[in-house]
1. Could you tell me which residue of the stretch 1-45 is farthest from the chain's Cα centre (by Cα), considering only residues that are in contact (Cβ under 8 Å) with a residue 60 or more places away in the chain and surrounded by 20 or more Cβ atoms within 10 Å (Cβ to Cβ)?
2. Considering only the stretch 226-242, how many residues are surrounded by 17 or more Cβ atoms within 10 Å (Cβ to Cβ) and more than 21 Å from residue 162 (Cα to Cα)?
3. If you take the residues in the stretch 206-227 that are touching a helix residue (DSSP H, G or I) at 6+ places or on another chain (Cβ under 8 Å) and in a strand (DSSP E or B), which one is farthest from residue 141 (Cα to Cα)?
4. If you take the residues in the stretch 258-275 that are in a loop (DSSP other than H, G, I, E, B) and either closer than 23 Å to residue 209 by Cβ or not assigned by TED's automatic domain parsing to the domain that holds residue 195 (or both), which one is farthest from the chain's Cα centre (by Cα)?
5. Hey, residue 144 hits all of (1) in contact (Cβ under 8 Å) with a residue 40 or more places away in the chain; (2) closer than 25 Å to residue 271 by Cβ but one; which does it fall short on?
6. When you scan the stretch 246-257, how many residues do you find that are in a loop (DSSP other than H, G, I, E, B) and either without any contact (Cβ under 8 Å) to a residue 12 or more places away in the chain or under 16 Å from residue 122 (Cβ atoms) (or both)?
7. What number of residues in the stretch 231-245 are farther than 17 Å from residue 130 by Cβ and either in a strand (DSSP E or B) or in contact with a helix residue (DSSP H, G or I) (Cβ under 8 Å, 6 or more places away or on another chain) (or both)?
8. For the condition in contact with a strand residue (DSSP E or B) (Cβ under 9 Å, 6 or more places away or on another chain) and either assigned to a helix (DSSP H, G or I) or modelled with pLDDT of 50 or more (or both), what is the one hit in 140, 156?
């Protein structure tokens, strides 16, 4: 096992949510890899600082049970979800509250609790660590949103309501290395890690949200091809967002907005990029109110 495989699974290892064989493989890697061992130590320290209370064991099948319920729920069921939670037996309610408190499932209901919507996406964990190590910053973001590595086919199945594609190779020579499914509130998300001679290009797809948080970083309007979006610049890195009615396409890269990124976005979002997307300034006012 190498670092590319081990690092995305450190969160599961720390939560003791792995099969015995997989856990043994991670432990064998950690015994010989100082970088991953340090990453695990930092994650453990962060979790301990944020959740100082005693660790509550999570039932092994809780995550899959939650995913199954969310996938099967239609708008009517999502509308009733807050009330159904409180009618669950105490043990189940406690388990759900623990998951929410630990940040694995962060769901927000707006409009007085009557409508389920995607939770705000906090990109500050990604942007703050970019100057030190872009790859590690991306891994921290994946861990924050409970990422699980899957195949492209599985990602498309989990993100069936999103418009995206994940080609094996992107223009400029970026090769697909890993694909993940995430959870933003009640909505699934998909992420992909591409590399070109060690240089990272990360793609994240999620349902449109009310607000995206960028910490202390500023949000600027941008134009990719003929489409208006917005971007956050950190050194020579850019996190670019293009949103259509179903999907926010987020790409972290060092690519030039005018000469390189349009061709990449055409591959990652062929349906959206080939049509008129709704990225007008009026539709993106919510992005410019970034939080810390």
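The values are calculated or read from the model by the stated rules, or taken from the named source; none is laboratory data. Source: prediction; values computed, not measured. Ideal geometry is used to build each Cβ from the backbone, glycine not excepted, and the neighbour counts take in all protein chains shown.
1. 39
2. Matching residues across the stretch 226-242 total 4.
3. 227
4. 275
5. Tallying (1) in contact (Cβ under 8 Å) with a residue 40 or more places away in the chain; (2) closer than 25 Å to residue 271 by Cβ, residue 144 fails exactly one: (2).
6. Qualifying residue count for the region: 1.
7. Going through the stretch 231-245 one residue at a time, the tally reaches 3.
8. Exactly one residue qualifies, and that residue is 156.
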